[in-house]
Every structure is written in structure tokens, then in C-alpha cells.
Amino acid sequence: MNLMESVRMSMRSIIANKMRSFLTMLGIIIGVSAVIAMVAIGQGASANVASSINGLGSNLLIVSPGQAQQGGVRMGAGSLDTLTLDDANALASLPTIAAVAPDMTKQGQVIWRNQNYATTIEGTSDSYPAVRNTDVQSGRFMNRFEVEGAANVAVLGPAVVSNLFGDANANPIGETIEINQLPFTVIGVLKTQGSQGAMNQDDRILIPITTAMNRLYDTTKVRTIFASAKDSEGMAKAQFDIEQAIRASHNLNPREDDDFQISSQSDILNAAQSVTGVMTTLLSGIAAISLIVGGIGIMNIMLVSVTERTREIGIRKAIGATRRTILQQFLIESITLSLIGGITGILIGVGAALLINRFTSLTTAISLTPILYSFFSSMLVGIIFGVYPAQKAARLKPIDALRYE
């Protein structure tokens, strides 16, 4: 019996027992579709994270305060207040740095006429748009003279315009708002950027950092310094230069530890993608258990099939069928069941990923790798779980098989 004849006999057997075959394939279908959907969700989340982090700025390096230590116990990152505007000015003069934007962020109450709204107040400099890839939709951004003079000017995020002025299309340019009871003139509205991590970039107000430090919060410390390297190839050199410049600014001797931390886009991206990668692998692994369950189902139904067709096997052996022919027939039937289930699962999984992307807030990314992985996995399941029933059928003695009732 050739291969095609074995495939035809397998299909006839499957079609003759439609419901049983469907229930047998169900575990494979669920496993494959779940793996593809979970991987698509995980890859979509990873792409979103990458896009969000890349949206922070070009060749971005982030300097933040170090960790305080009490009784030998390290406190959380950023628990020290060590960064100043002098540090930012020191970085701006480095040859490897294109632009620097000191930054401090706090919550504040904003009032316009009889409306009030709680939002994020972010003090920064005129270099912020270049460092953080931020553009204005209307009006303009603050300039150097307004930063140096601690002017009371503000640039609003789109969400602030919508909530404070009651209309996303309102034109607030020239209006006077109060931030913590201090009047500010609106000079611009930011382009929408959406969320980056836990922060909604559209729900904030940018003001000169000097105004935030001297008039709003009475502090000499900045929370973060954003620095943009001149090119991506020089990121390591720029990071080293920043470290040396701030150590010199803080008068740290060679034996003292840094009282600040430097992180880069690649560090943040790698950490975030490792988390999403672990979650994707975990979810896919859980979904893949269904493949094993489906394989057990295939083995079970093939054993039943061998029992039901014992006399048929005896007759075929009596007229000359070899052990290899019988083994091939039942193994192909097992693989066919598994492959039909796998292909059906692939179609359902891709369809589910597309529906999730369209009708939910989740983003999915479909790639060829998990599809091929699922296809060959379903074939492997058919082989592994079909070998034992096929061998059992092939080992039947013709005389015993013919006597079977």
C-alpha cells in the first residue's frame, strides 16, 4: 500500500466517525489556537512597550537620584535628593551630549474660571522638545528667556484642555490659568502622545523648571535630568562622560559610590521586553498543555480504533499486508487527525488575534514563527501519541485477530 492510499484510508476512517474525530481533535485545536493568540498578544504588548520607550526620546539617557541607606538597608531608587540645575548645566557642555532637559514632576490643582482639575505639573527647560521628541499642536513651547526668567507660562497637554476647558477643540492660547493659586499664561498645546508606561503624556502641564522650583515648590533639587546623546553609536561614551561630570559636580572622591543613577533607553527596553517575554512564554506554555491533552486524546481514540478494527487488521495480514504497512496506516491516521486539528487551530488562533486587536484595547502582532511552531508541534504530537497504537496494531497476530469478536 502506498502513502496516498494510506492517507485516503485515514480520511475515510475520520469521516466515518465525524463526531468522535472532532472531539479527538478538540484538544489540539484549543492548544494551537491558544498558543497563537497568546503569542500574538505577547508580541503586541512587546511592540507597544518598545514604541512607548522609543517615544521617550532619541538616544536618551536618564539621570536620577541614587538610593538612600538607613541602618544598612537601601531605600528605594530615587530616595536621595542629589541632582541640581548645576548638574544639568555641566552635562550640557559635554561634547557627546546634544541636549539636556532637567525635569521635576508633581501633582497640582489647576483652575480656569469656575473649573478646576487635578493633573501633573512638570517643570522643565526649553530643550525638552528636542530631548523627549515632544511637539506642540498649537501655539509654541517655552523659550530660553522664559526659563531663565522663571516666567509664568504653561504648555498644556490635550487631556488638560479637554477636561479643564470642556472641549478638546478649545483654543486656550492666551488664557490665564491658576496652578496652586499662581497665575500662568497658556502659550501652547502639546500634540497627543498617549500613555508611556504608567503616565499619560497628554494629561500634564509643562512649565519652566525655574518657575516650578522657585515659585511653586520652593526647592533647589531637580528630580530627573534627561540627556540626549549626539548619536546612538556614542551612547556608552556619553554615559561615561555624564557619570564623570556629575561625580565632579558632587565632589565625590574615587572611593565614594555614585549618589545618582544613569539608565538608557536600551536598559529600560531590555528590562521591559524581558518581562513581557517571560509572560508570553508562561502563557504559551500553559496553552501548550492543551496540545499534550489533545495528544492523549488521539492516543486513546487510536487504541479504540485498533480494538474496533482487529478483524480488519487480521484479514489484511492474512492476505499479505506487512507489519510495516499496518504501522504506516495507523500512524498516518494519527498524524492526519493531529494535522487537521492543528490547521484548524491555526485558523481559529489567527482569527481570534485579529478580533482581539479590532474589538479590544489590546494590540496583537501575528508572526510566522508561532504558526510554524504550532503546525510542526501538532505533527509531532500526532507522531508521538500515534506510535504506540500503531505498533499495537502492527504486532497483532493474524490468527488472533481473525478470532477476535
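The values are calculated or read from the model by the stated rules, or taken from the named source; none is laboratory data. Keep in mind it's a predicted model, so treat the numbers as computed, not measured. As a convention, Cβ positions derive from the backbone with ideal geometry for all residues, glycine included, and neighbour counts pool all protein chains shown.
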Report summary line: Looking across the stretch 318-355 at residues that are of a type outside the set (A, V, I, L, M, F, W, C) and under 13 Å from F375 (Cα atoms), the single one that is nearest to the chain's Cα centre (by Cα) is G349
Query - Residue among S361, S367, S374, S305 that alone is in contact with a Gly (Cβ under 9 Å, 6 or more places away or on another chain) and among the small types (G, A, S) - result: S374
Query raised in the report: Is it the case that some residue within the stretch 100-109 is within 21 Å of T185 (Cβ to Cβ) and assigned to a loop (DSSP other than H, G, I, E, B)?
Result: no
Report task. Please state which one of I340, I384 is of a type in the set (A, V, I, L, M, F, W, C) and closer than 14 Å to G27 by Cα. Result -> I340
Query raised in the report: Before we move on, is I205 in contact with a Lys or Arg (Cβ under 9 Å, 6 or more places away or on another chain) and either of a type in the set (A, V, I, L, M) or assigned to a loop (DSSP other than H, G, I, E, B) (or both)?
Result: no
Report task. Test each condition in (1) modelled with pLDDT of 95 or more; (2) part of a loop (DSSP other than H, G, I, E, B) for A154 and report the one that comes out false. Result -> (2)
Report summary line: Across (1) within 37 Å of the chain's Cα centre (by Cα); (2) at pLDDT 95 or above; (3) more than 14 Å from T105 (Cα to Cα), T185 clears everything bar (1)
Query raised in the report: Got a sec? Which of T134, T124 is surrounded by 14 or more Cβ atoms within 10 Å (Cβ to Cβ), under 30 Å from V49 (Cα atoms), at pLDDT 90 or above and in the same structural domain as T220 (by TED's automatic domain parsing)?
Result: T124
Query raised in the report: Which one of these is under 31 Å from the mean Cα position of the chain (by Cα) and closer than 24 Å to A170 by Cβ: V136, V100, V110, V131?
Result: V136
Report summary line: Of V186, V222, the only residue that is surrounded by 14 or more Cβ atoms within 10 Å (Cβ to Cβ), assigned to a strand (DSSP E or B), in contact (Cβ under 8 Å) with a residue 24 or more places away in the chain and out of contact with any Cys (no Cβ under 6 Å at 6 or more places or on another chain) is V186
Query raised in the report: Can you tell me which residues in the stretch 49-99 are outside any loop (DSSP other than H, G, I, E, B), under 30 Å from G277 (Cα atoms) and modelled with pLDDT under 75?
Result: V49, A50, S51, S52, I53, N54, R74
Report task. For A227, indicate whether it is assigned by TED's automatic domain parsing to the domain that holds Y128, within 30 Å of T119 (Cα to Cα) and either surrounded by 19 or more Cβ atoms within 10 Å (Cβ to Cβ) or touching a Cys at 6+ places or on another chain (Cβ under 8 Å) (or both). Result -> yes
**Report entry** Options I366, I356; residue that is touching a residue at least 40 places away in the same chain (Cβ under 8 Å) and assigned to a helix (DSSP H, G or I)
**Finding:** I356
Query raised in the report: Only one of (1) modelled with pLDDT of 90 or more; (2) among the β-branched types (V, I, T); (3) farther than 18 Å from D87 by Cα fails for I209. Which number is that?
Result: (3)
